[in-house]
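Written below as structure tokens is the structure these notes are about.
The values are calculated or read from the model by the stated rules, or taken from the named source; none is laboratory data. Everything quoted here is computed from the prediction, not taken from an experiment. Cβ placement follows ideal geometry from the backbone for every residue including glycine, while neighbour counts extend to all protein chains displayed. The area values use the complete protein model at the heavy-atom level, side chains included, leaving out ligands, DNA and RNA. Shrake-Rupley method; radii C 1.70, N 1.55, O 1.52, S 1.80 Å.
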Amino acid sequence: MPGTSRTGSDAGLARDAVGLREVLFQSVTAMAPAAAVAASIPAGAAFAGGSLPLSVLVALVACLFTASCVAELAQELPAAGSVATYSAQGLHPAVGFLVGWGYVFVEALVPPLLLLQLGFTTAGTLHEQWASSPANLWWPWSLAGAVVIAAAGFLGVRASARFGTVLGVFEVLVFVAFAVMLIVAAGSDNSLTVFGTSHTAPGYGDFGGVFAGSVYTVLAFAGFEAAAPLAEEARDPRRTMRRAVFGAALAIGVVYVLTTYAMAVYFGPGRFAGFGASGDASWEGVARASFGPFWVVLFLAVVNSTVANANACANVSTRTAFALGRIGVFPRSLARLHPRRRSPVTGIAVQFVVAVAAILGLGLRYGPVTAFTLLATVIVTVIIGVYIVVDLACAGYFLRRRRDLFSPLRHVVFPVLGIAAFVPALLTAAGIPAFSFVAELSPPVSYAGPVVGVWMAAGGVVLVVLARRHPERLAQTGRVHLVGPHDDPMDHEETGAVRG
């Protein structure tokens with residue numbers, strides 16, 4: 001029955017609380033499509049130029065390989081632990097713990113990242129319109145966003161997911177509508193040549209520029225897996241998780257291709273190498289110059305996108321922390337739920353404190369834009385590493401545990417292609433100059449590597465302690481707790497033991 005525990009006890013999250021629509025938009029909003037279209041994807045224009053639509057298409061195909069792997073595992077292993085559970089089952093419980101350790105850390109940093117963007121975007125835009133509004137008064141907007149996210153999370157997954165659905169629908173509709181307006185306005189300038197290599201930026205010939213652009217575009221897909229941690233709160237989770245994860249990646253990828261094509265043909269493929277995230281040669285700049293007050297709607301969609309993304313990733317961090325707290329590898333207090341709303345109240349409180357501390361600590365120390373870049377580097381570096389491990393876990397799980405379902409294409413070829421797509425993106429995000437288009441990071445953004453290293457080293461220490469003192473807890477990392485009348489126990493490790 002709705003509202004009861006997955007395990008049949010008072011310890012579980014709310015059962016059957018959300019359906020496919022809400023779970024789908026959990027992944028959609030975690031990808032922050034409006035913010036990605038306006039700010040992230042244009043970074044690839046410096047390399048791909050007017051051929052950026054081809055770069056986006058290449059990135060979409062590449063990301064679908066990993067999305068397919070996550071979807072396969074989400075269907076077989078519906079668990080709040082999501083990527084940690086997949087890695088424990090497909091590889092080893094120790095790997096599952098380390099993946100969960102890193103994943104919770106960076107997902108907890110996504111809300112402050114997006115709330116920083118909310119703050120400096122809102123303050124900067126208000127200052128442009130009214131000079132008397134101080135551009136440096138960004139932090140009240142960020143803190144207000146943190147309060148809204150915490151309140152939505154406290155009210156339970158139904159309220160939080162529906163809130164995210166409304167926000168997600170708005171941002172997608174705004175950018176799709178604007179794309180249609182651009183295509184109509186472009187008239188005879190519409191051309192499929194932007195899906196070729198003839199418009200790459202000077203100095204980046206043919207497919208080299210397209211490849212460089214696709215590497216930056218791949219980063220805009222991060223978050224497609226965010227539906228998976230809601231498995232224990234979703235109706236018909238096996239079918240719902242698979243559709244939501246893969247469907248979100250595919251649908252938003254199509255939106256990315258459509259919007260990038262529209263802007264490229266309207267702005268001009270030959271000039272597109274100079275397109276960026278701000279100024280006249282940007283989405284907002286074009287809207288201001290040619291579409292009157294529509295720029296306000298575009299601005300609201302980007303602001304909306306930051307809130308929606310923060311909301312989705314707060315759900316991810318608190319659910320994954322709940323799953324790991326439930327088995328005792330994280331503090332058990334993180335598994336404490338509100339008695340009626342079934343929301344992980346301790347996790348939500350911790351998430352709120354982390355958000356406020358990161359917003360004020362980093363934002364006031366380095367400035368909101370630099371703090372945003374530092375957090376983004378930390379987050380993307382770990383997230384892409386998680387994707388690579390999950391690709392391996394997909395192959396491992398179906399080779400070791402479900403040979404009856406094994407498919408060489410889906411469970412070997414797709415994981416390998418997914419890894420091949422994300423390794424260049426990982427090197428780019430980390431500022432490792434393996435390619436000519438990758439720039440080395442400078443302080444304080446370069447601190448991201450040591451921060452990740454220290455955090456994962458601390459996780460290694462905790463892992464050793466757990467392995468020596470509580471090996472039974474570590475084994476539980478791969479347990480699927482979703483056992484009930486609607487589920488097939490043949491697909492679970494019901495005892496919680498995970499084979500090493």
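In the range 413-442, the residues that are farther than 26 Å from VAL70 by Cβ form Cβ pairs under 8 Å with partners that are aromatic (Phe, Trp, Tyr) and crowded, with 20+ Cβ neighbours inside 10 Å, at six or more places apart or across chains, as follows: PHE437/PHE47; PHE437/TYR204. Comparison of THR66, THR85, THR29 shows that the only residue that is out of contact with any Ser or Thr (no Cβ under 9 Å at 6 or more places or on another chain) and surrounded by 24 or more Cβ atoms within 10 Å (Cβ to Cβ) is THR66.
Among residues belonging to the range 317-331 that are part of a helix (DSSP H, G or I) and over 15 Å from LEU474 (Cβ atoms), point out the one that is farthest from the chain's Cα centre (by Cα).
Taking the range 317-331 and keeping what is part of a helix (DSSP H, G or I), we get 317-326.
Among the residues that remain, those that are also over 15 Å from LEU474 (Cβ atoms) are: 317-322.
Values: SER317: 11, THR318: 15, ARG319: 15, THR320: 14, ALA321: 17, PHE322: 19 Å.
Looking at the filtered set, the residue picked out is PHE322.
Within the range 14-35, the set of residues being of a type in the set (A, V, I, L, M) and more than 11 Å from the chain's Cα centre (by Cα) comprises ALA14, ALA17, VAL18, LEU20, VAL23, LEU24, ALA34, ALA35. All conditions but one from (1) within 30 Å of ALA335 (Cα to Cα); (2) small (Gly, Ala, Ser); (3) not in a helix (DSSP H, G or I) apply to ALA227; the one that does not is (3).
I want to confirm something. Restricting to the range 382-410 and keeping residues that are more than 16 Å from the chain's Cα centre (by Cα) and among the hydroxyl-bearing types (Ser, Thr, Tyr), which single residue is nearest to LEU73 (Cα to Cα)? That would be TYR397. Going residue by residue through the range 164-171, is there one that turns out to be free of Cβ contacts under 8 Å to residues at least 40 places away in the same chain, more than 16 Å from the chain's Cα centre (by Cα) and more than 22 Å from CYS63 (Cβ to Cβ)? Yes, the conditions are met somewhere in the range 164-171. Contact annotation: residue pairs with Cβ atoms under 7 Å, 6 or more positions apart or on different chains, pairing a residue in the range 357-368 that is part of a helix (DSSP H, G or I) with a partner that is surrounded by 15 or more Cβ atoms within 10 Å (Cβ to Cβ) and aromatic (Phe, Trp, Tyr), are ILE359/TRP139; LEU360/TRP139; GLY363/TRP139; PRO368/PHE120; PRO368/TRP138. Within the range 331-371, can you find the residues that are surrounded by fewer than 16 Cβ atoms within 10 Å (Cβ to Cβ), closer than 13 Å to LEU155 by Cα and among the basic types (Lys, Arg)? Of everything in the range 331-371, just one residue is surrounded by fewer than 16 Cβ atoms within 10 Å (Cβ to Cβ), closer than 13 Å to LEU155 by Cα and among the basic types (Lys, Arg), namely ARG340.
Whenever a residue of the range 381-396 is more than 19 Å from ALA448 (Cα to Cα), its partners that are of a type in the set (D, E, K, R), lying with C-beta atoms within less than 8 angstrom and at least six residues away or across chains, give the pairs VAL390/GLU225; CYS394/GLU72. Take ARG401 and tell me if it is buried (at least 20 other Cβ atoms within 10 Å of the Cβ) and among the basic types (Lys, Arg). When the stated conditions are applied, ARG401 does not pass them. Kindly indicate whether VAL218 is among the β-branched types (Val, Ile, Thr), crowded, with 24+ Cβ neighbours inside 10 Å and assigned to a helix (DSSP H, G or I). Yes. Give the residues of the range 413-435 that are open to solvent by 20 Å² or more (accessible area, probe 1.4 Å), part of a loop (DSSP other than H, G, I, E, B) and small (Gly, Ala, Ser), sorted by residue number. Within the range 413-435, ALA430, ALA434 meet the criteria.
Here is a list: GLY209, GLY164. Which entry is touching an Asp or Glu at 6+ places or on another chain (Cβ under 9 Å), crowded, with 24+ Cβ neighbours inside 10 Å and in a helix (DSSP H, G or I)?
One residue alone meets the criteria, GLY164.
Inspect the range 253-264 for any residue being outside any helix (DSSP H, G or I) and more than 18 Å from CYS69 (Cβ to Cβ) and give the result as yes or no.
Pass one, the range 253-264, residues outside any helix (DSSP H, G or I): none.
Checked the range 253-264: no residue is outside any helix (DSSP H, G or I) and more than 18 Å from CYS69 (Cβ to Cβ).
Looking only at residues of the range 442-457 that are in contact with a helix residue (DSSP H, G or I) (Cβ under 7 Å, 6 or more places away or on another chain) and closer than 20 Å to GLY367 by Cα, we find that the one that is surrounded by the fewest Cβ atoms within 10 Å (Cβ to Cβ) is TYR447.
Please go through (1) of a type in the set (Gly, Ala, Ser); (2) modelled with pLDDT under 95; (3) more than 16 Å from TYR261 (Cα to Cα); (4) more than 19 Å from the chain's Cα centre (by Cα) for ALA161 and return the number of the only condition it doesn't satisfy. Condition not satisfied by ALA161: (4).
Total residues in the range 32-63 satisfying the condition of being β-branched (Val, Ile, Thr) and open to solvent by less than 10 Å² (accessible area, probe 1.4 Å): the figure is 3.
For every residue, the table says whether it meets (1) open to solvent by less than 30 Å² (accessible area, probe 1.4 Å); (2) free of Cβ contacts under 8 Å to residues at least 24 places away in the same chain; (3) out of contact with any Gly (no Cβ under 7 Å at 6 or more places or on another chain); (4) over 14 Å from ALA36 (Cα atoms).
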site	(1), (2), (3), (4)
GLU225	yes, no, yes, yes
ARG239	no, no, yes, yes
PHE246	no, no, yes, yes
VAL265	yes, no, yes, yes
ALA273	no, no, no, yes
SER282	yes, no, no, no
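Among helices (runs of 4 or more DSSP H) entirely within the range 26-92, having at least 2 residues that are in contact with a Leu (Cβ under 8 Å, 6 or more places away or on another chain) and at pLDDT 95 or above singles out 52-76, 83-90.
As for the range 94-115, it holds no residue that is part of a loop (DSSP other than H, G, I, E, B) and crowded, with 24+ Cβ neighbours inside 10 Å. Close Cβ contacts (under 6 Å, 6 or more residues apart or on different chains) running from residues in the range 337-348 that are of a type outside the set (A, V, I, L, M, F, W, C) and modelled with pLDDT under 95 to residues that are open to solvent by 20 Å² or more (accessible area, probe 1.4 Å) and assigned to a helix (DSSP H, G or I) comprise HIS338/VAL345; SER343/PHE154.
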